[in-house]
Amino acid sequence: MKYLISIAFFLAGFGVLIAQKPVRDKIADKIESHKIAFITEQLNLTPEESQKFWPLYNEYSAKERELRSDFKGRPESVSEAEANEIIGKFFENEEKKLNLMKNYYQKFKMVLPASKVVKLHFAERKFKEKLLEKMRERQDKIRR
C-alpha cells in the first residue's frame, strides 16, 4: 500500500513539473523578446542591421549557453582532487567563452559599425541588471 501511495505522489509531482515547463518556456520567450527590443533600442539598429545581426547574435547566444558551467554539487562537499578538477574546468570554460566572444565580436563588426558592437556588451549588462531588479521587486511583492 505504501508503495502505491509513493508511486501516486511521484506521478503527481512529475505531472506538476511537466505542467510547469510550458510556463517556464513562455516566461523565457517573453524575456527573450524584451531582450531583443532592449538591445535593438540601445544599439539603435536599423531594420537592415537587425536582419543581419540577430541571426548571428542568436547563434552566438546558443553557443554561449552550451559553455555555461554545469557544476551542481555543493562546494563544501567536494574532495581536494575534485575541487582542483573543477577549478581547471572553470578556467578552461572561461577561456572558451572569451575565445567565443572574440570570434563573434569580429563577426558582429562585419554587419555593424564598431561603435554599435562596443555598445552591445553594455546593453547586455544593462538588460541583465534590469531583469534582476524586476525579479527582486517581484520577490519583495511576494514576501509582503
Task: segment 97-144, residues that are among the charged types (D, E, K, R) and in contact (Cβ under 8 Å) with a residue 40 or more places away in the chain - done: Lys107, Lys116, Lys119, Glu124, Lys126, Lys130
Task: Neighbours by Cβ (under 7 Å, 6+ apart or cross-chain): first from segment 37-64, closer than 20 Å to Glu94 by Cα; second surrounded by 13 or more Cβ atoms within 10 Å (Cβ to Cβ) and at pLDDT below 95 - done: Glu64/Lys97
Open item on the list: From the list Phe108, Phe71, exactly one residue is surrounded by 10 or more Cβ atoms within 10 Å (Cβ to Cβ), in contact with a helix residue (DSSP H, G or I) (Cβ under 8 Å, 6 or more places away or on another chain) and modelled with pLDDT of 95 or more. Which is it?
Closed with: Phe108
Task: Hits in segment 86-116 - residues which are among the aliphatic types (A, V, I, L, M), within 20 Å of Ser50 (Cα to Cα) and either touching a Pro at 6+ places or on another chain (Cβ under 8 Å) or assigned to a helix (DSSP H, G or I) (or both) - done: Met101, Met110, Val111, Ala114
- [ ] Any chance you could count how many residues in segment 40-58 are surrounded by 15 or more Cβ atoms within 10 Å (Cβ to Cβ) and assigned to a loop (DSSP other than H, G, I, E, B)?
- [x] 1
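The values are calculated or read from the model by the stated rules, or taken from the named source; none is laboratory data. Since the model is a prediction, treat every value here as computed from it, not as a measurement. Using ideal geometry, Cβ is built from the backbone for each residue, glycine included, and neighbour counts are taken over all protein chains shown.
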